[in-house]
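Enquirer: This is the structure I want to talk about, given as structure tokens.
The values are calculated or read from the model by the stated rules, or taken from the named source; none is laboratory data. In this text the structure is predicted, and so the values were computed from the model without any measurement. As a convention, Cβ positions derive from the backbone with ideal geometry for all residues, glycine included, and neighbour counts pool all protein chains shown. All accessible areas refer to the heavy atoms of the entire protein, side chains included, with ligands and DNA or RNA removed. Shrake-Rupley method; radii C 1.70, N 1.55, O 1.52, S 1.80 Å.
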Amino acid sequence: MTLPIMTTDRLVLRALRQDDADALHPMYSDVEANTYGSRPASGSIEESRDRVAKALADTAWRAWAITLKGDDTPLGTAVIGTVASYEKRQGKVTEIGYILSREHWGQGYVTEAVAALIDLLFSEGQRRVFADTDPDNAPSIAVLKRLGFTLEATLRAEWETHIGVRDSLIWGLLEDEWKTARPRT
């Protein structure tokens with residue numbers, strides 16, 4: 001599947017490529033950046049390359065590299081996955097995910113990138129976008145609140161992760177809510 005290139009004021013989101021793995025390795029190997037993610041930090045460049053290869057092979061997800069305008073080096077990734085492919089829900093519901101290199105934290109890049117993803121999803125006819133976060137991941141929760149997401153559920157002891165059994169917060173956004181929230185980003 002060919003992914004659309006999305007541009008924002010400061011960013012270009014383009015299809016993730018296998019050759020991005022080396023540039024993403026510092027982010028993937030950063031323990032703090034990967035604390036609340038679905039997998040632990042990479043222990044080697046080979047693990048980071050494998051992580052990108054798996055992301056590209058997983059047909060249930062679409063993966064973009066987040067780059068600055070004028071610089072094609074990825075500073076993070078953003079993904080969207082159709083939950084129906086995992087048979088959890090029926091159609092037009094999509095999960096988002098993101099990770100950013102630590103040196104780019106606190107500059108609004110994730111908010112900007114995720115807003116572009118949300119615009120794309122609702123233009124494709126999705127009815128709901130959601131994110132699954134760890135209750136202790138305050139920066140990610142702040143992004144979701146800024147974008148107008150609503151906390152919908154706490155799933156207790158939902159995930160067995162590299163940091164132990166964790167609760168999961170489910171945040172949701174509907175298209176009409178996005179129309180109201182979008183101008184704030």
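Enquirer: Scan Ile66, Ile45, Ile99 and give me the residue that is touching a helix residue (DSSP H, G or I) at 6+ places or on another chain (Cβ under 8 Å), among the aliphatic types (A, V, I, L, M), modelled with pLDDT of 95 or more and under 20 Å from Ile163 (Cβ atoms).
Expert: Ile99
Enquirer: Would you please list the contacts, defined by Cβ atoms under 6 Å and residues six or more apart or on different chains, that run from a residue in the range 17-44 that is farther than 20 Å from Glu103 by Cβ to a residue that is open to solvent by 30 Å² or more (accessible area, probe 1.4 Å) and not in a helix (DSSP H, G or I)?
Expert: Pro40/His162
Enquirer: Restricting the first residue to the range 125-137 and requiring it to be without any contact (Cβ under 8 Å) to a residue 12 or more places away in the chain, which pairs with a second residue that is part of a strand (DSSP E or B) and among the hydroxyl-bearing types (Ser, Thr, Tyr) meet a Cβ separation below 8 Å and a spacing of at least six or different chains?
Expert: none
Enquirer: Which of the numbered conditions does Asp167 fail, given that it passes all the others? Conditions: (1) more than 23 Å from Thr67 (Cα to Cα); (2) crowded, with 17+ Cβ neighbours inside 10 Å.
Expert: Going through (1) more than 23 Å from Thr67 (Cα to Cα); (2) crowded, with 17+ Cβ neighbours inside 10 Å one by one, Asp167 breaks only (2).
Enquirer: State which residue is surrounded by the most Cβ atoms within 10 Å (Cβ to Cβ) when the search covers only the range 116-164 and only residues that are in a strand (DSSP E or B) and touching a helix residue (DSSP H, G or I) at 6+ places or on another chain (Cβ under 6 Å).
Expert: In this case the residue turns out to be Val129.
Enquirer: Collect the residues in the range 1-23 that are of a type in the set (S, T, N, Q) and loosely packed, with under 11 Cβ neighbours inside 10 Å, keeping them in residue-number order.
Expert: Result: Thr2, single match.
Enquirer: Go through the range 30-62 and give me each residue that's surrounded by 20 or more Cβ atoms within 10 Å (Cβ to Cβ) and assigned to a strand (DSSP E or B).
Expert: Selection gives Arg62 alone.
Enquirer: Hey, can you tell me all the residues within the range 69-85 that are assigned to a strand (DSSP E or B) and either at pLDDT below 90 or aliphatic (A, V, I, L, M) (or both)?
Expert: Those that are assigned to a strand (DSSP E or B) and either at pLDDT below 90 or aliphatic (A, V, I, L, M) (or both): Leu75, Ala78, Val79, Ile80, Gly81, Thr82.
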